[in-house]
Amino acid sequence: MAGGLPHPVLWSTLAGMDHITINGAQHEFKHVFYTWIAMAILFSLAFLVRGNVKLVPSKIQNVFEVIIGGLEEFVVSNIGEDGRKIFHVLIALFLFILFNNLLGLVPGCDAPTANVNTNAALALFTFAYYNWIGIKRWGFGYIKHFCGPFWWLIPLMLPLELISHAARPLSLTLRLFGNIRGEEIVLILFFLLAPIFGTIPIYFLFLLAKCLQAFIWFMLGMIYLKGSLEHAH
Amino acid sequence: MIIKKDKKINSRNYVDLMGTVGTMGTHMVTHPAVGAVVGYFLDDWLGTKPWLFIVGLLLGVVAGFKAVYMDTRKIMKAQEKHDAERFGRKD
């Protein structure tokens with residue numbers, strides 16, 4: 001169900017995983033189920049690639065090498081050599097969000113990122129991670145990142161910076177949620193209007209949009225980490 | 001060769017710009033929202049009913065405008081760098 005519209009058919013309904021009961025209270029479980037599917041796909045791909053890593057890469061290893069190697073170069077060219085130490089978190093977030101987004105295009109599946117709770121969890125993790133990296137790097141001096149350029153501006157800049165840092169996870173959550181949920185609703189509307197001919201062309205647009213959303217998350221995480229790693233102004 | 005290099009710079013600029021522009025709209029909304037929510041709960045805690053809410057909202061609006069200003073400056077800088085790379089080498 002996206003925005004009150006009935007989803008034509010869902011694998012989670014067939015598997016009986018739409019709702020689960022914990023302590024007598026019923027919880028919606030659909031999106032957790034699809035998160036598990038995305039995780040299963042990622043894990044099996046990882047084991048498939050890891051099982052036979054060769055010097056001359058096979059097809060699937062080639063694809064992963066292009067994606068991961070290209071993005072690592074991108075991060076290192078932006079942050080510097082420090083980027084290699086934090087790259088594993090960024091690429092894990094990127095691949096996870098990418099597969100979660102793309103599950104929305106598979107018939108019978110719903111994107112887990114179309115639920116605001118998935119995004120909030122990911123955004124809070126990103127927020128906690130870049131602050132932890134900053135504190136680990138600078139110790140107590142990390143507070144200088146919140147104090148602005150001049151000492152007499154501290155009473156004004158400190159609340160402003162705190163608000164703008166607290167707004168980061170919120171804006172990450174809402175952007176991804178709005179984009180993916182909107183695409184799900186549009187897909188269902190087009191499916192109701194013209195089942196095959198309506199949905200196929202829009203698939204290509206949404207394929208681009210969903211990859212772009214995952215990449216924007218990756219890039220923003222990189223910018224936040226760059227801010228917490230580099231010296232305060 | 002020159003055209004190919006130029007294209008590469010351009011496409012990377014597009015992705016960068018899309019990221020920045022895509023965040024500007026949400027920045028305008030989320031900063032005042034966070035400021036207002038923080039002010040509201042501080043009011044509940046300290047019992048100063050309307051005042052901290054108003055102060056928080058104003059601070060949030062200022063922070064939102066500051067964020068949009070920083071984003072705009074980033075776009076301008078990228079544009080200047082791009083122009084320098086593209087046209088600067090002629091002279």
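Quick look at the values:
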read-out: Single condition A:VAL49 does not satisfy, out of (1) touching a Phe, Trp or Tyr at 6+ places or on another chain (Cβ under 6 Å); (2) open to solvent by less than 20 Å² (accessible area, probe 1.4 Å); value: (2)
read-out: Among the residues listed as B:ASP71, B:ASP16, B:ASP6, the single one being at pLDDT below 85, part of a helix (DSSP H, G or I) and within 13 Å of chain A (Cβ to nearest Cβ); value: B:ASP16
read-out: Matching option when the condition is outside any helix (DSSP H, G or I), closer than 30 Å to A:PHE177 by Cβ and of a type in the set (A, V, I, L, M), among A:LEU71, A:LEU42, A:LEU55, A:LEU105; value: A:LEU105
read-out: From the options A:PHE177, A:PHE218, residue that is open to solvent by less than 20 Å² (accessible area, probe 1.4 Å) and within 11 Å of chain B (Cβ to nearest Cβ); value: A:PHE218
read-out: Filter result (open to solvent by 80 Å² or more (accessible area, probe 1.4 Å) and touching a Phe, Trp or Tyr at 6+ places or on another chain (Cβ under 6 Å)) within the stretch B:11-52; value: B:TYR40
read-out: A:ALA166 being assigned to a helix (DSSP H, G or I), more than 13 Å from chain B (Cβ to nearest Cβ) and closer than 21 Å to B:HIS31 by Cα; value: no
read-out: Within the stretch A:190-215, considering residues that are β-branched (Val, Ile, Thr) and open to solvent by 50 Å² or more (accessible area, probe 1.4 Å), the one nearest to the chain's Cα centre (by Cα); value: A:ILE200
read-out: Residue count, the stretch A:108-153 (criterion: open to solvent by 80 Å² or more (accessible area, probe 1.4 Å) and within 21 Å of the chain's Cα centre (by Cα)); value: 4
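The values are calculated or read from the model by the stated rules, or taken from the named source; none is laboratory data. These figures come from a predicted structure and were not determined experimentally. Heads up, the Cβs are rebuilt from the backbone with ideal geometry, glycines too, and the neighbour counts pull from every protein chain shown. Just so you know, the surface numbers come from the protein's heavy atoms only, side chains and all, with ligands and any DNA or RNA stripped out. Shrake-Rupley method; radii C 1.70, N 1.55, O 1.52, S 1.80 Å.
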